[in-house]
Amino acid sequence: MGNYIGFFIFLFFILMAFWLLIFLIGFLGYWATLGGLNSLMPGLFAKKEEEIAEEMEG
């Protein structure tokens, strides 16, 4: 078991970097998609505070 401890540490770091990369790509894709939608259809997300308040009141 002692012979493999370095390998396990190496594997741990590789897997952590991999998941971090997946998260970053997913986050950037989400951000880019919302930014693209916002530039194509500005009215979609650009509600005024009064409109939001009216909707919450029902």
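Scoring residue 51 on the criteria (1) surrounded by 10 or more Cβ atoms within 10 Å (Cβ to Cβ); (2) within 27 Å of the chain's Cα centre (by Cα) leaves a single failure, condition (2). Of the residues making up segment 1-51, those that are in a helix (DSSP H, G or I) and in contact with a Leu (Cβ under 8 Å, 6 or more places away or on another chain) are 37, 38, 44. Selection of first residues in segment 26-54 that are on the phi < 0 side of the Ramachandran plot and of second residues that are among the aromatic types (Phe, Trp, Tyr), restricted to Cβ pairs under 8 Å at least 6 apart or on distinct chains, gives the following pairs, ordered by first then second residue: 34/45; 37/45; 38/45.
Readers should treat all values here as calculations from the given coordinates under stated rules, not as data from a laboratory. Just so you know, these numbers come straight off a predicted model, no measurement behind them. Here Cβ is always computed from backbone atoms with ideal geometry, including for glycine, and neighbour counts include all displayed protein chains.
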